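The values are calculated or read from the model by the stated rules, or taken from the named source; none is laboratory data. If you're wondering where the values come from, they're calculated on a predicted model, not measured in any experiment. Please note: Cβ atoms are built from the backbone with ideal geometry, for glycine as well, and neighbour counts cover all protein chains shown.
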Amino acid sequence: MKPKASSRATITMMAAAVAVLSVWSHPASAQVAGQWKDPNHVYAKICSNCHDIGVGPVIKGRNLDPDYYFQVVRHGMRAMPAFRPTDVDDAMLHRLAETLSKSAPPGGPK
Ligand code: HEC
């Protein structure tokens, strides 16, 4: 027969494991500034979802002013939602704006 004490210990250990796992999973799922590798990462994960599929206009290769990108992303524009500093921080948004301003049109220069 199994002694009762050992099954109580097993339950205690399992409860501790669940507690540790729920603490661990938190930072990984949180949306924090500094999550982006580079401007292309931001474009691929956010902008391309609309701007590469025709929901929004093409925004690459149009020689738009970097500040224009910055303002549109931060404040939104008609059908385009605004993105907060917790989505893309100022420093990364500036880099993204510079990159897009100088980018080639999709499909390469004509
Ligand atoms: C949920 C879809 C969506 C996402 C995501 C999105 N946009 Fe847009 N964006 C739009 C739409 C729609 C418009 C057109 C707004 C209008 O004119 O009503 C637009 C317009 C723009 C414009 C103005 C283009 C012009 O012709 O004047 C810029 C610049 C822009 N977006 C940049 C970005 C950048 C940079 C990102 C990524 C950080 C981004 N957008 C993410 C939907 C999106």
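Tabulated data for the structure shown
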{"item": "Hey, residue 68 within 8 Å of the ligand (Cβ to nearest atom), crowded, with 16+ Cβ neighbours inside 10 Å and among the hydroxyl-bearing types (Ser, Thr, Tyr) or not", "result": "no"}
{"item": "Residue in the stretch 11-45 that is surrounded by the most Cβ atoms within 10 Å (Cβ to Cβ), counting only those that are part of a loop (DSSP other than H, G, I, E, B) and modelled with pLDDT of 95 or more", "result": "36"}
{"item": "Residues of the stretch 83-110 satisfying the condition of being under 21 Å from the mean Cα position of the chain (by Cα) and more than 10 Å from the ligand (Cβ to nearest atom)", "result": "84, 85, 86, 89, 90, 91, 94, 95, 98, 103"}
{"item": "Spans of helices (runs of 4 or more DSSP H) in the stretch 46-110 with at least 3 residues of a type in the set (D, E, K, R) and within 18 Å of residue 36 (Cβ to Cβ)", "result": "90-101"}
